[in-house]
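A short worksheet on the structure shown next.
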């Protein structure tokens, strides 16, 4: 059964300090019928999830994750994190986010939902554009 200690340990081994991530050791904890969703996509099934992880690995020159906090309530585990991504031709971008893992009766991950502001965190790293984006967002939504 996954706990906050085992999740923190497993996820800390996923993202090394320099280079590409390796998710192989966490895939066994995902149920075949799991659902993943983030601000970009919704994926159903473990095989599709594995393919998505492999695409992200190929696109990134480096990928790191720092877990800031983790908590559990019954079958739900929440993690707050900062993911640092460096794409092949772009500067490093920090994404600030949260992951919600839902465990089934057998203790396997049946649902993963990642929450983050993809465009805002990436645009913040583009000179002048980041400030213009934030002004636009504040004017339209704030």
Looking across segment 29-50 at residues that are modelled with pLDDT under 95 and over 18 Å from residue 87 (Cα atoms), the single one that is surrounded by the most Cβ atoms within 10 Å (Cβ to Cβ) is 38
Looking across segment 51-65 at residues that are over 23 Å from residue 104 (Cβ atoms) and in contact with a helix residue (DSSP H, G or I) (Cβ under 9 Å, 6 or more places away or on another chain), the single one that is modelled with the lowest pLDDT is 63
Scanning segment 19-28 for residues that are within 19 Å of residue 59 (Cβ to Cβ) and out of contact with any helix residue (DSSP H, G or I) (no Cβ under 8 Å at 6 or more places or on another chain), the one surrounded by the most Cβ atoms within 10 Å (Cβ to Cβ) turns out to be 19
message = Residues that are over 21 Å from residue 80 (Cα atoms) and not in a strand (DSSP E or B): does segment 4-16 have at least one?
response = no
The one condition residue 80 fails out of (1) at pLDDT 95 or above; (2) over 16 Å from residue 11 (Cβ atoms); (3) surrounded by fewer than 16 Cβ atoms within 10 Å (Cβ to Cβ); (4) in contact with a strand residue (DSSP E or B) (Cβ under 7 Å, 6 or more places away or on another chain) is (2)
Exception for residue 74 within (1) at pLDDT 90 or above; (2) farther than 20 Å from residue 28 by Cβ; (3) touching a strand residue (DSSP E or B) at 6+ places or on another chain (Cβ under 7 Å) falls at (3)
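The values are calculated or read from the model by the stated rules, or taken from the named source; none is laboratory data. Quick caveat, the model's predicted, so the values are computed rather than measured. Methodologically, a virtual Cβ is constructed for each residue, glycine included, from the backbone with ideal geometry; neighbour enumeration extends over all protein chains shown.
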